[in-house]
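Below is one structure; the comments refer to it alone.
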Amino acid sequence: MDHRIAIVAGGTGLVGGELVRELLIDPDWDKVYLLVRKPLEWTHSKLEIILTDWEKLEFPEKVTDAFCILGTTIGKAGSKENFKKVDLDYPVRFAKVAKEKGVNSFYIVTALGADPNSMIFYNQVKGEVETEISTLGFSSLGIFRPSLLEGDRKEFRLGEKIGSKISFFINPLLIGPFKKYRSIHAKTVAKAILNLAWSSKKGKFVIESDKIQSLGSGTARANLENLI
């Protein structure tokens, strides 16, 4: 596909930052729009920053691929209500506007265990956003469910820091059906998203953490049919 143009929501977070970097160095994408709430200090010839008010979302024309990496924690959000606004309301709004603007390919990161019927609030919200976006009729929809994320965060999260230390010892023990519970690096998730988007495959793809690991490998594009 010629003249592919990406738009990214949540591109300053752990996975989002890695994804933006991958998009900027990938020759298949001519332009990358990044929705942010405040100006960034870094620039790139392919990058255009859009200062965004999520209550009045503006969307550029001719975008081909939309990527949603929005997410927070209840602790950072301050309440369950604010958490749902960032992890459910904003992604759904982003997806609806993308669909209205003619975007056919949409990719979103949720979480392992996402289920609208889950007793765990976090997983329930992640499941709800998957359900709502799945009804919008994108030609290509990629849903990525990573487990515990590894990488260098800007902010310190004690729980994830502890989890990362434990994962170092636990990951090798998680085999077979438990392999999807291994921690995964943010860069691997970003590469997996980009590889699926690159393929332009039609349909809905729900990709759990063990499959993300394979899809984010350096040889994924050569073996894409066997990975999804």
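Bear in mind these aren't lab numbers, they're just calculated from the coordinates by the rules spelled out. All figures in this text were calculated on a predicted structure; none of them were measured in a lab. With ideal geometry, Cβ positions are generated from the backbone for all residues, glycine too; neighbour counts draw on all protein chains shown.
Between amide H atoms placed 1.01 Å from N, distances below 5 Å from Y33 occur with A6, I7, V8, E48, all of them 5 or more places distant or on a separate chain. Highest mean packing first, where packing is the average number of other Cβ atoms within 10 Å per residue, the peptides 109-117, 126-134, 52-60 line up as 126-134, 109-117, 52-60.
Of L215, L136, how do they rank once you tally other Cβ atoms within 10 Å and put the fewest first?
On the way: L215 26, L136 14.
In order of increasing Cβ crowding within 10 Å: L136, L215.
Ranked by how many other Cβ atoms sit within 10 Å of their own Cβ, fewest first, the residues K187, K38 fall in the order K38, K187.
The order of the peptides 201-207, 61-67 by mean Cβ neighbours within 10 Å, most packed first, is 61-67, 201-207. Based on alpha-carbon centroids, what's the gap between region 1-40 and region 190-228 in Å, whole number please? Taking the Cα centre of each part, region 1-40 and region 190-228 sit 18 Å apart.
Near the amide H of G142, within less than 5 Å, lie the amide hydrogens of F106, Y107, I108, F205, all on another chain or at least 5 residues away, with H placed in the peptide plane. Among the listed pairs K84/K211; K126/K201; K96/K201; K56/K211; K31/K211, give every one whose C-alpha distance is greater than 32 Å. Cα-Cα > 32 Å for K56/K211; rest within.
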